[in-house]
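To keep things clear, I will list the structure first and then write my remarks on it.
The values are calculated or read from the model by the stated rules, or taken from the named source; none is laboratory data. Predicted model, so just to flag it, every value in this text is computed and none were measured. Glycine gets a Cβ as well: all are built from the backbone with ideal geometry, and neighbour counts include every protein chain shown.
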């Protein structure tokens, strides 16, 4: 297959818990891939033992890593990405875990192999945040703040309209924004991991998750949320980071935001980040109403960055 | 000299109306450059006849073009950039004229020579707007709107506080934001040229300046400006562009902006642009209170992009 950038590609491997490790260097049957015909795919060339054997069999040039976030240790994504880079493939992921738990190792491994380790979809659904800073040579990022978790933002909006926390969560789940287990979002883990990823990569300060003061929205009374909006100081789950003498101070917590502050306007699934730099004292990016494909687009854009 | 990116550089030529064409492939005397000692520089190696002779003598790898905007035809910047690319040097400019009047020719010439033609400082003081879209492969820009001219924004702010147009202009000049001849800003030319540059490059639609409906702020009565702010609908000089069946429809005009719309908060020298794309329905960039070096930084960042 060939896309309009003139990049030729084929899918030579696919893997999931359900599929096992399926690989064929000549390319997998696209009809079976699109229809999810697992038996046909397995018959084609399933049965590899692990990620390394699978990568060798697929002879992949680029790995897309899409396992879900493991807050504690970033696994198994880190092992997959490490294996891909050692195999000599670029590694692209939407998973924040490897960025927070193994950024320096994977970055240096990629550099040593002349390959890329890219993760643009990890924060703000593929809006090119990390790539933007690639375009800002020698700039010094002093701090940032923003709204980076959609689920809590949607829940807060519904609570402002009068729903209980549980009803607002249910609505966010029905909209397909919150997952069935939304604990990671509600308790601020997702926002904290994104904050840690931005600090680690853009401020070049490794930070552990337990160094980020974290408070979710679970304990906010619906009446408090409604009153705050009515009084013009809506609650938002705000991420903050700032350089200090010893590193970076960072937090995720519900804050009452002034009505004339840009964060007050970030509703639903939109997100916002405001960077403080030496050259640009305030450089803010707003993502309004991301489309369904925004995260997948980020993976595609990373793919183009790898192979162009 | 060597900067912290490991790039080695020396200044082998400098030129201005006052200096003439001065070149020395071994590098100009940096003490004389910094102190503006024209006689020492001229003695070192002035006297070249024109841009081509000067480029050959300087053996430059990168040209920084910094003549002022010529709205009518983009000259002499176009000639300088063309000469640099033909000589085999990258060309970097903060001048919008060449982008609006000769983008495709210079882009294709640069590509043919394996060199770069970059102009990040032409819009939003070096905020990486054009570079951002380099990071958005295969995206489709349907339109944009924003506030791109600082002088009019500062003048409007002062008029809201009660100053007359002339007094507000004088204040903007004293702040170093408006030039002595601020006609280009006040009558919307600067904003129109920036709008045309964004359309030409990011929407890939060549547009002539006379195709952009243009209205400046000269005819706004101070009382209208004050009342609009009081009523929560402040006047802003708004740039707009939108794809149509036959190309792009674009305008620059004072508009009353709703108070809860992000543009209402863009005050003083800040700027704002909101892009509508297929993947990201709303992707907005805000530049608050740019520092003194923001435009020069854009030239530096372009330099790094050229030589890295």
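Of all the numbered requirements in (1) without any contact (Cβ under 8 Å) to a residue 24 or more places away in the chain; (2) surrounded by 15 or more Cβ atoms within 10 Å (Cβ to Cβ); (3) over 30 Å from residue A:199 (Cβ atoms), residue A:36 misses one, and that requirement is (2).
Does the range A:81-92 contain at least one residue that is within 14 Å of chain B (Cβ to nearest Cβ) and either at negative phi or outside any strand (DSSP E or B) (or both)?
Let us first name the residues in the range A:81-92 that are within 14 Å of chain B (Cβ to nearest Cβ), namely A:92.
After this cut, where a residue has to be either at negative phi or outside any strand (DSSP E or B) (or both) as well, the list is A:92.
Yes: one or more hits.
Is there a residue being more than 14 Å from chain B (Cβ to nearest Cβ), surrounded by 19 or more Cβ atoms within 10 Å (Cβ to Cβ) and closer than 26 Å to residue A:297 by Cβ anywhere in the range A:125-139? There is no residue in the range A:125-139 that is more than 14 Å from chain B (Cβ to nearest Cβ), surrounded by 19 or more Cβ atoms within 10 Å (Cβ to Cβ) and closer than 26 Å to residue A:297 by Cβ. Mind listing whichever residues of the range A:245-254 are modelled with pLDDT of 95 or more and farther than 27 Å from residue A:225 by Cα? Answer for the range A:245-254, where residues must be modelled with pLDDT of 95 or more and farther than 27 Å from residue A:225 by Cα: just A:248.
Quick one: which of A:237, A:300 is within 23 Å of the chain's Cα centre (by Cα) and outside the structural domain of residue A:177 (by TED's automatic domain parsing)? I'd like the intermediate steps shown before the answer.
Values: A:237 fails: outside the structural domain of residue A:177 (by TED's automatic domain parsing).
The unique qualifying residue is A:300.
Kindly evaluate residue B:226 against the criterion of being touching a residue at least 40 places away in the same chain (Cβ under 8 Å) and assigned to a helix (DSSP H, G or I). Break it down stepwise before answering.
Values: touching a residue at least 40 places away in the same chain (Cβ under 8 Å): yes; assigned to a helix (DSSP H, G or I): yes.
In short, yes.
Filtered by the rule that a residue be more than 7 Å from chain B (Cβ to nearest Cβ) and under 18 Å from residue A:194 (Cα atoms), the range A:286-299 gives A:295, A:296, A:298, A:299.
Each row is one residue, and each column tells you yes or no for (1) at pLDDT 95 or above; (2) surrounded by 20 or more Cβ atoms within 10 Å (Cβ to Cβ); (3) facing chain A (nearest Cβ under 7 Å).
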{"position": "B:243", "(1), (2), (3)": "yes, no, no"}
{"position": "B:256", "(1), (2), (3)": "yes, no, no"}
{"position": "B:267", "(1), (2), (3)": "no, no, no"}
{"position": "B:301", "(1), (2), (3)": "yes, yes, yes"}
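Across the range A:8-25, the number of residues qualifying as farther than 13 Å from residue A:60 by Cβ and out of contact with any strand residue (DSSP E or B) (no Cβ under 7 Å at 6 or more places or on another chain) comes to 5.
Can you tell me which residue is nearest to residue A:287 (Cα to Cα) among those in the range B:126-160 that are in a loop (DSSP other than H, G, I, E, B) and without any contact (Cβ under 8 Å) to a residue 24 or more places away in the chain?
We begin by selecting, within the range B:126-160, every residue in a loop (DSSP other than H, G, I, E, B); these are B:127-128, B:135-140, B:148-149.
Still in the list and also without any contact (Cβ under 8 Å) to a residue 24 or more places away in the chain: B:135, B:137-138.
Values: B:135: 16, B:137: 17, B:138: 18 Å.
In this case the residue turns out to be B:135.
Restricting attention to the range A:285-299, the residues that are in contact (Cβ under 8 Å) with a residue 24 or more places away in the chain and surrounded by fewer than 23 Cβ atoms within 10 Å (Cβ to Cβ) total 5.
Residues in the range B:272-285 that are facing chain A (nearest Cβ under 7 Å) and either out of contact with any helix residue (DSSP H, G or I) (no Cβ under 8 Å at 6 or more places or on another chain) or closer than 16 Å to residue B:154 by Cα (or both): B:281, B:282, B:283.
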